[in-house]
Amino acid sequence: MALVSMRQLLDEAAKGGYGIGAFNVNNMEQIQSIMEAARETKSPVIVQASRGARAYSQDRFLYHLMLAATEIYPEIPTVLHLDHGNSPATCISAIDMGFTSVMMDGSLMEDGKTPSSFEHNVAVTKEVVEYAHARGVTVEAEIGCLGGIEDGHGSGGSGLDHVTDPAQAEDFVKATGCDALAIAIGTSHGAYKFTRKPDGDVLKMDILIEIHKRLPTTHLVMHGSSSVPKELIDIINQYGGKMKTTFGVPVEEIQLGIKNGVRKVNVDTDNRLAITGAIRKVFMETPEKFDPRDYLKPAREAMKKVVAERMVQFGQAGHAGDYTSKPLSEMAEMYKSQLVSA
Ligand code: G3H
Ligand code: 13P
Ligand code: ZN
């Protein structure tokens, strides 16, 4: 089995009316958690690596771990996606390494912080679409900017500062031919998204629904979609952590999104919380232990539990065997003959 096209997974998800979690990884244990959850729930998977993850892992290590995943879990359609590529050069280096999908986040300038112009965004996205599609690789783009800056991506400030303009989203998809579109509806990356359970004033599901009405066949992507469950924060604090009260995106809001064109749901923070809580527990309860396996195994298990739960909640569970994955060469032919469009 090879790593496969994200476009095919998203097209299938649209046919089946479900969403697919895209989970961030930096190391072997996180990849194993996702693949085990996928096997258990029979789910197609999107594994994604940020620029930070590529630097941390020396991305060739990560790439080869992903090839191992396809050997060990041949029944699972598996995508390797670049999260928040900041320039065409970053996306091209990922494609050349073997990533089967990239995000060209031209909503921000190359620094990953400064909101860009519509024209800049269209230009860099088009450049990546051309390079990627010729190789059968999928492109996610973004219009509007996420809030926050907690983990290095985002425009700063509140998630409401740069909410997507639905009319602009429509023009953007027409102008770029991207495969999937990330939109900004009030969320931000990291644990501190909302100070109370979000309602329509801070989480703009109405904007998402409006975008879906204008672009009914475009696969929408929700970033910053960790739910930040209180139970995971409580475990961290119970075992010596110091996290403040915070709220994420409720699963029922994500499910409403999935009913309205959301096909890819980005989750990183919930897994970070699960891993940290599990490791803290071992450290506090058995301080005499020093074998990394003693805390990495429970950490892996805790992340697997979160991922499996999300796979069921997003509806991807049970769909791993629905279709035969197309090789990238076939996808490239399909893009060339315009059998796939935005
Ligand atoms: O885009 C945000 C993801 O949570 C990745 O975060 O840049 O710290 O790896 P990172
Ligand atoms: P969270 O921080 O909510 O998990 O979002 C992750 C994300 O959007 C990665 O691109
Ligand atoms: Zn993101």
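Each value in this text was obtained by applying a stated rule to the coordinates, not by laboratory testing. Being a predicted model, the structure only gives us computed values, none of them experimental. When we count neighbours, we look across all protein chains shown, and the Cβ atoms used for this are built from the backbone with ideal geometry, even at glycine.
Between V312, V265, V340, the distinction of being within 16 Å of ligand 1 (Cβ to nearest atom) and not basic (K, R) belongs to V265 only.
The residue list Y73, Y63 contains one member that is of a type in the set (S, T, Y) and out of contact with any strand residue (DSSP E or B) (no Cβ under 8 Å at 6 or more places or on another chain), which is Y73.
I'm checking my understanding of the structure. Among residues of region 86-123 that are under 14 Å from G177 (Cα atoms) and surrounded by fewer than 23 Cβ atoms within 10 Å (Cβ to Cβ), which one is farthest from the chain's Cα centre (by Cα)? Ranking the candidates gives A123 first.
Comparison of E75, E140, E119 shows that the only residue that is within 18 Å of F172 (Cα to Cα), away from ligand 3 (no atom under 15 Å from the Cβ) and among the acidic types (D, E) is E119.
I need the full set of residues from region 88-99 which are touching a helix residue (DSSP H, G or I) at 6+ places or on another chain (Cβ under 7 Å) and outside any helix (DSSP H, G or I), in order please.
Within region 88-99, just G98 meets the criteria.
Residues in region 198-217 include at least one that is closer than 25 Å to M303 by Cα and not in a strand (DSSP E or B).
Step by step: first the residues of region 260-283, then only those that are charged (D, E, K, R) and within 9 Å of ligand 2 (Cβ to nearest atom), then the one that is surrounded by the fewest Cβ atoms within 10 Å (Cβ to Cβ). Which residue is that? Top of the filtered list is R272. Under the condition of being touching a residue at least 60 places away in the same chain (Cβ under 8 Å) and within 15 Å of ligand 3 (Cβ to nearest atom), the residues counted in region 247-262 number 4.
A quick yes/no check of all residues on (1) surrounded by fewer than 19 Cβ atoms within 10 Å (Cβ to Cβ); (2) of a type outside the set (D, E); (3) over 26 Å from G241 (Cβ atoms):
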| site | (1), (2), (3) |
| --- | --- |
| D294 | yes, no, no |
| K297 | yes, yes, no |
| K305 | yes, yes, no |
| Y323 | yes, yes, yes |
| K326 | yes, yes, yes |
| S341 | yes, yes, yes |
